[in-house]
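The values are calculated or read from the model by the stated rules, or taken from the named source; none is laboratory data. What you are looking at is a predicted structure, and each value in this text was computed from that prediction instead of being measured. Methodologically, a virtual Cβ is constructed for each residue, glycine included, from the backbone with ideal geometry; neighbour enumeration extends over all protein chains shown.
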Amino acid sequence: MMAVTRTASIMGIDGFMVCIEVDITQGLPAFIMVGLAEGAVRESRIRVSSAIRNAGYILPLRKIVANLAPADIRKVGSAFDLPLAMAILGSLGHISQERFVTWAMAGELSLDGDLRGVPGTFPMALACREAGISGMIVPHENSAEASLVGGLDVRSASTLRHAAEFMHGTGTLPKSPSGSRAGRVETCEDLRDIAGQQSARRALEIAAAGGHSFLLSGPPGAGKSMLVQRLPSILPPLTEQESLETTKIWSVAGLLDSSSPLKDRPPFRAPHHTITPAALAGGGGIPRPGEISLAHNGVLFLDELPEFPTRVLDVLRQPIEEGRILLVRSARSFLFPSRFLLAAAMNPCPCGFRGHPGRSCTCTDIQAKRYRSRISGPLLDRIDLHVEVPPVEVEALEEGEGEPSAPVALRVEQARECARRRFERYGVGSDSGATVNSALTSAQLRKLPSLDDRARHILARAVRGYNLTARTWHRLQKVAWTIADLDGADSVTAHHVSEALHYRTGEREGLSVHVP
């Protein structure tokens, strides 16, 4: 007799439906699996056979043929264990197949029949709902994650026996509350811990308000890492759409907290400089999200930036510009969202004390130049704010605490709201989902009001004098708009452009700009 169960698998960060067809016939004992199953899926034959016997069912010595459809898409992971075992039990007549049409299931089986959690349950549940499936059985540790998908009856099981009795109609399974979105309240380090560094704090506020990338440069101990680590404390919570996008990515990576799976705060990722390009961008035969995708809608912090290999840093170019990364394999391409705020920190030279007012640098000019040249010009051109972080003055340390994060976060939220109202007024952002100034395209930027004459003159003079690129021209305008939003202004003035230029060139309005 033949039986068919339904489950879902992952491709990129999206789920797709899979039908598991099992036919048990007379013949030499064998367990044959077809349908482009990779290693972990093929090994499920051993886990499923032991789990069925240890759950108290009889598995006769017959020929078992299992097909995973569609057969032209590679299947990965251990989530096929439970639906495969249920299909076998249904084919043998141990359980009724009545519910197989409207229910899906996913989970890994241990040899004794216990169910274990699997990554990617959230996008799997989304795929089941879109396919018209009414309910889904998942391991207990995945139930909160799957219940985030509204309109799906999610039941959690701890063993194969419990799941089989529920499908047969002789048992019950606990129902997870549908659409539960109560995320964990995360505590962040506070900006009050930072003494002094007013210029760097201001740059941090601008970066948070407009989603702008920034680079902090200064000697060791100046507080660069402390500043970046407190950036999440001034970022607004994620919108519902952003939260679901981020949760989907973290689900596929298997990083969600089973007790509070919803990601409602911007993620913060800080990989070590020994990271590989594949780990940063995502990779593998069936690509999985890398660090830049795990930082989607959040912060990617690269400390000691010149220590990262150039081939790793160059991976960042496309994601910074487009907010996504396309990974191409021989059979398929995979698109991962990667719109993040890049925060980087570095020393001015290998010893770290070039330009220090109280300590002498031991590096030669060639060593310092070689150290800075590890960061390519195209990458630097994509960083909006270049900030010098000087040593902390003793007077600042004696004064104690700085301004807390709460009032800064309020100003950031007000600035973002100001930008959202402007986007709606001028029909900007709706086609690309842009919610911050840094995400605007050049075409969208042209829809906004023009700079006043003085602001336009200052910007044009700086572009000519410093030989800035067209990309920098547009990025400076975006930063200027963010500064205007923080001021509550409806237009960009010379003051806003001047401050934006300061973070790119170190010059402010009134300082000479050489025009060749």
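Collect the residues in segment 136-147 that are without any contact (Cβ under 8 Å) to a residue 40 or more places away in the chain and surrounded by fewer than 24 Cβ atoms within 10 Å (Cβ to Cβ), keeping them in residue-number order.
The answer is HIS140, and nothing else.
Given (1) free of Cβ contacts under 8 Å to residues at least 40 places away in the same chain; (2) more than 17 Å from the chain's Cα centre (by Cα), identify the lone condition not met by PRO271.
(2)
Examine segment 51-61 for a residue that is of a type outside the set (A, V, I, L, M), under 31 Å from the mean Cα position of the chain (by Cα) and not in a loop (DSSP other than H, G, I, E, B), and state whether such a residue exists.
Among the residues of segment 51-61, not one is of a type outside the set (A, V, I, L, M), under 31 Å from the mean Cα position of the chain (by Cα) and not in a loop (DSSP other than H, G, I, E, B), which makes the answer no.
Can you name the condition, by its number, that ARG374 falls short on among (1) among the basic types (Lys, Arg); (2) surrounded by 12 or more Cβ atoms within 10 Å (Cβ to Cβ); (3) assigned to a helix (DSSP H, G or I)?
ARG374 satisfies all of (1) among the basic types (Lys, Arg); (2) surrounded by 12 or more Cβ atoms within 10 Å (Cβ to Cβ); (3) assigned to a helix (DSSP H, G or I) except (3).
Just to check your reading of the model, which residue among LEU204, LEU173, LEU126 is touching a Phe, Trp or Tyr at 6+ places or on another chain (Cβ under 7 Å) and not in a strand (DSSP E or B)?
Step by step, each of LEU204, LEU173, LEU126 is checked, and only LEU173 is touching a Phe, Trp or Tyr at 6+ places or on another chain (Cβ under 7 Å) and not in a strand (DSSP E or B).
Looking at ILE88, ILE95, ILE64, ILE133, which is the one that is in a loop (DSSP other than H, G, I, E, B), surrounded by 17 or more Cβ atoms within 10 Å (Cβ to Cβ), among the aliphatic types (A, V, I, L, M) and more than 29 Å from the chain's Cα centre (by Cα)?
ILE95
So, of the residues in segment 67-85 that are among the hydrophobic types (A, V, I, L, M, F, W, C) and assigned to a strand (DSSP E or B), which turns out to be surrounded by the most Cβ atoms within 10 Å (Cβ to Cβ)?
Within segment 67-85, the match that is surrounded by the most Cβ atoms within 10 Å (Cβ to Cβ) is LEU68.
Determine, yes or no, whether LEU244 is of a type in the set (A, V, I, L, M), surrounded by fewer than 23 Cβ atoms within 10 Å (Cβ to Cβ), at pLDDT below 95 and farther than 30 Å from GLY402 by Cα.
Against the criterion (of a type in the set (A, V, I, L, M), surrounded by fewer than 23 Cβ atoms within 10 Å (Cβ to Cβ), at pLDDT below 95 and farther than 30 Å from GLY402 by Cα), LEU244 qualifies.
(1) in contact with a strand residue (DSSP E or B) (Cβ under 7 Å, 6 or more places away or on another chain); (2) buried (at least 19 other Cβ atoms within 10 Å of the Cβ): which one isn't true of SER158, the others all being true?
The one condition SER158 does not meet is (2).
Criterion first (surrounded by 15 or more Cβ atoms within 10 Å (Cβ to Cβ) and part of a strand (DSSP E or B)) does LEU379 satisfy it?
The answer is no for LEU379.
Within segment 120-129, identify whether any single residue is more than 22 Å from GLY12 (Cβ to Cβ), in contact with a strand residue (DSSP E or B) (Cβ under 9 Å, 6 or more places away or on another chain) and at pLDDT 95 or above, and answer yes or no.
Checking segment 120-129: not a single residue is more than 22 Å from GLY12 (Cβ to Cβ), in contact with a strand residue (DSSP E or B) (Cβ under 9 Å, 6 or more places away or on another chain) and at pLDDT 95 or above.
Can you name the helices (runs of 4 or more DSSP H) wholly within segment 437-493 that have at least 3 residues being more than 30 Å from the chain's Cα centre (by Cα)?
Per the criteria, 453-466.
Which of (1) at pLDDT 90 or above; (2) surrounded by fewer than 14 Cβ atoms within 10 Å (Cβ to Cβ); (3) touching a His at 6+ places or on another chain (Cβ under 9 Å) does SER442 not meet, given it meets every other one?
Single failed check for SER442: (1).
Do you know which of the residues in segment 103-118 that are in contact with a Gly (Cβ under 9 Å, 6 or more places away or on another chain) and either small (Gly, Ala, Ser) or modelled with pLDDT under 95 (or both) is surrounded by the fewest Cβ atoms within 10 Å (Cβ to Cβ)?
Among those residues, the one meeting the criterion is GLY117.
Checking MET226 against (1) outside any loop (DSSP other than H, G, I, E, B); (2) free of Cβ contacts under 8 Å to residues at least 24 places away in the same chain; (3) surrounded by fewer than 20 Cβ atoms within 10 Å (Cβ to Cβ), which test does it fail?
All conditions pass for MET226, except number (2).
So which residues in segment 239-260 are β-branched (Val, Ile, Thr), farther than 9 Å from ILE13 by Cα and in contact with a helix residue (DSSP H, G or I) (Cβ under 8 Å, 6 or more places away or on another chain), if there are any at all?
If the condition is that a residue be β-branched (Val, Ile, Thr), farther than 9 Å from ILE13 by Cα and in contact with a helix residue (DSSP H, G or I) (Cβ under 8 Å, 6 or more places away or on another chain), then THR247 is the only one that fits.
Does SER50 fit the bill of being touching a strand residue (DSSP E or B) at 6+ places or on another chain (Cβ under 9 Å), in contact (Cβ under 8 Å) with a residue 12 or more places away in the chain, crowded, with 17+ Cβ neighbours inside 10 Å and over 30 Å from LEU326 (Cα atoms)?
Against the criterion (touching a strand residue (DSSP E or B) at 6+ places or on another chain (Cβ under 9 Å), in contact (Cβ under 8 Å) with a residue 12 or more places away in the chain, crowded, with 17+ Cβ neighbours inside 10 Å and over 30 Å from LEU326 (Cα atoms)), SER50 does not qualify.
Check segment 116-130 and report whether any residue there is among the polar types (S, T, N, Q) and either without any contact (Cβ under 8 Å) to a residue 40 or more places away in the chain or more than 23 Å from ILE32 (Cα to Cα) (or both).
Yes, segment 116-130 contains a residue that is among the polar types (S, T, N, Q) and either without any contact (Cβ under 8 Å) to a residue 40 or more places away in the chain or more than 23 Å from ILE32 (Cα to Cα) (or both).
Suppose we keep only residues that are among the polar types (S, T, N, Q) and either assigned by TED's automatic domain parsing to the domain that holds LEU126 or over 23 Å from PRO236 (Cα atoms) (or both) within segment 249-276. Which one would you say is surrounded by the fewest Cβ atoms within 10 Å (Cβ to Cβ)?
THR274
In segment 1-42, which strands (runs of 3 or more DSSP E) lie fully inside it and hold 1 or more residues that are touching a strand residue (DSSP E or B) at 6+ places or on another chain (Cβ under 9 Å), of a type in the set (Lys, Arg) and farther than 30 Å from ILE292 by Cβ?
2-11
Across segment 136-161, which residue is nearest to ALA51 (Cα to Cα) among those that are hydrophobic (A, V, I, L, M, F, W, C) and not in a helix (DSSP H, G or I)?
Of everything passing the filter in segment 136-161, ALA157 is nearest to ALA51 (Cα to Cα).
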